[in-house]
Amino acid sequence: MVGYKTKMVERISLPAREQRERNLEEAGYNVFNLSSDDVFVDLLTDSGTGAMSDRQWAALMSGDEAYAGARSFDELESAVADVMGFDHVVPAHQGRGAENVLYGTLLSEGDVVPNNTHFDTTRAHVANQGAEPADCPVAVAHDPSASEPFKGNFSLERGRELVDEVGPDRVPVVIQTVTNNSAAGQPVSVENTRRVREFADEIDATFVIDACRFAENAYFVQQREEEFADASIADIAHEQLGYADAVVMSGKKDGLVNVGGFVATDDADLFEQCKQRAILYEGFPTYGGMAGRDVAALAVGLREAVEREYVADRVEGVREFGELLAEAGAPIYEPPGGHAVYLDAGAALSHLPDETFPGQALVCELYREGGVRGVELGSFAFPDTDRPELVRLAVPRRTYHREHFEHVAETVETVLEKREDVRGLELASEPEMPEIRHFTAELEPVGP
Ligand SMILES: *Cc1c(COP(=O)(O)O)cnc(C)c1O
């Protein structure tokens, strides 16, 4: 048995109800505009919001801030080689910096890029190169009630249809995102990764794994893919990532740090090209936009992420949170993913038409009722797509305890009891780019 005890604490408080009402109004009913001091349990994202271990804090103190040839970089290089199996690493300030380095190197105007599902920044970086992102999720990915083990998989059928349509020459890169963040954090099987490798070989494409949550994915593989029932998390991660030509990584997820990222590959030519582009956009290739101390903490975090005790506690904690919410009567996306539980707001607030943003209305009620901050991932965040109206409650790593999750479940229960009174919302002002409107747009309650 392994667990954690607390060495440092941070005070949080629940503002009074009238204050929460005022905060919500002042924030334009958009919780991105709230001050975090006014949030009691913050489940906005799992990105860079986790707690580091004592070993990581110790590594911070010994980080090497040399501009070139820093010892901390050697530590990162050796952690990436041991944990992920790649010889070459190009550090970046975070995942999207790594995406810019890699996709700026691999893509050009007119290319088409299949991915099980593009995460927002991936989609934007593919588009920024003049290429077209194409999602290839399996059909069950957007069905909140289908109880299947690998709803994050890449649909080979869709991928091959796409190649038939546009021709293989226009598809130089195939991406697989593990876990599939934009499909409720659902896992991808190793078998599916093998098939995507074959698919990439057929069309002579570079196979990239977006590895942000590779350790959580490996845990699901161990639990759900028979072939790997007796394999270690470290061996599964190593095998799955080993099918890729390159990985792109945000250290803010399974790197267990607050900032950082990298590209890793065994391909010497690709490495050389990425390195040059990284100098332009990120920094010298031994720090890449991170402080040396952050590089050092990332090297430790990567190794901790594949320790069974860590990742079992992590994923099982999210699963138990899902159970608490289901017991509170909340309709949730089943089964919960690795980093978050998703509420089905369309089902919870079925009296609200989609045009009045039931997901965003639910997000606001969770704050109003319990100072809980989640995020809408439905028609407010993704205009003009027919996704389910989901609200994501992302779980920061090693940060909250059962009492916090119980508070959230009680909050959800209370909101559901009063569901008939929940009003929809309409846009009051929005920025120019609809793709990123949910970060800054303001809303107001629909008139009575
Ligand atoms: C977070 C994330 C990114 C981008 O990483 P940042 O560190 O936020 O820039 C890319 N892909 C996926 C799947 C992610 O979850």
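A short reminder: the numbers here are calculations on the coordinates, not readings from a lab. Treat the numbers as computed from the prediction; the structure is a model and nothing was measured. Counting neighbours? That spans all protein chains shown, and the Cβs are built from the backbone with ideal geometry, glycine included.
Quick look at the numbers
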read-out	value
C-alpha long axis of helix 214-224 to longest principal axis of the chain, angle in °	80
Of PHE357, GLY104, VAL412, farthest towards positive along the dipole that unit charges on Lys, Arg, Asp, Glu beta carbons give the chain	VAL412
Over the range 54-305, relative contact order from alpha-carbon pairs under 8 Å, at least 6 apart, %	32
Size of charge dipole - the range 41-156 - debye, nearest 20, with Cβ of Lys, Arg +1 and Asp, Glu -1, no other charges	120
Inter-centroid distance (Cα atoms) of the range 98-139 relative to the range 352-384, Å	28
Cut-off of 10 Å, at most 10 other beta carbons, DSSP loop: longest stretch of the chain lacking such trypsin sites (Lys or Arg not before Pro)	12-417
Taking CYS364, CYS212 and counting other C-beta atoms within 10 Å, the order from fewest to most	CYS364, CYS212
Relative contact order computed over the chain (Cα-Cα under 8 Å; 6+ residues apart), in percent	23
Least to most buried among ILE436, ILE175 (fewest other Cβ within 10 Å first)	ILE436, ILE175
Rounded tilt (10° steps) of 268-281 against the dominant C-alpha axis of the chain	50
Farthest toward positive dipole pole in the range 239-385 [+1 Lys/Arg, -1 Asp/Glu at C-beta], among TYR367, ALA264, VAL300	VAL300
Cα gyration tensor, the range 54-305 - rounded (a/c under 1.5), prolate or oblate	oblate
Gyration tensor (alpha-carbon) shape descriptor, the range 1-138, a/c threshold 1.5	oblate
Excluding exposed DSSP-loop chymotrypsin sites (Phe, Trp or Tyr not before Pro) (at most 15 other C-beta within 10 Å), longest clean stretch of the chain	68-448
Mean separation of Cα contacts under 8 Å, 6 or more apart, over the residue count of the range 44-189: relative contact order %	20
Residue-averaged 222 nm ellipticity for the chain, from DSSP H runs of 4+ at -39500 (n - 2.57), nearest 500	-12500 deg cm²/dmol
Low-density loop positions, GluC sites (Glu not before Pro), the range 81-189 - DSSP coil, at most 10 other Cβ in 10 Å	GLU109
Neighbour-count order for LEU427, LEU324, fewest beta carbons within 10 angstrom listed first	LEU427, LEU324
Charge dipole of the range 54-305 about the Cα centre (unit charges at C-beta), most positive-ward option of GLN176, GLY251, PHE220	GLY251
Electrostatic dipole magnitude of the chain [Cβ: Lys, Arg +1; Asp, Glu -1; Cα centre; debye, to 20]	1160
Listed residues ASP87, ASP38, ASP54, most fluctuating in the chain (Gaussian network, C-alpha, under 10 Å)	ASP54
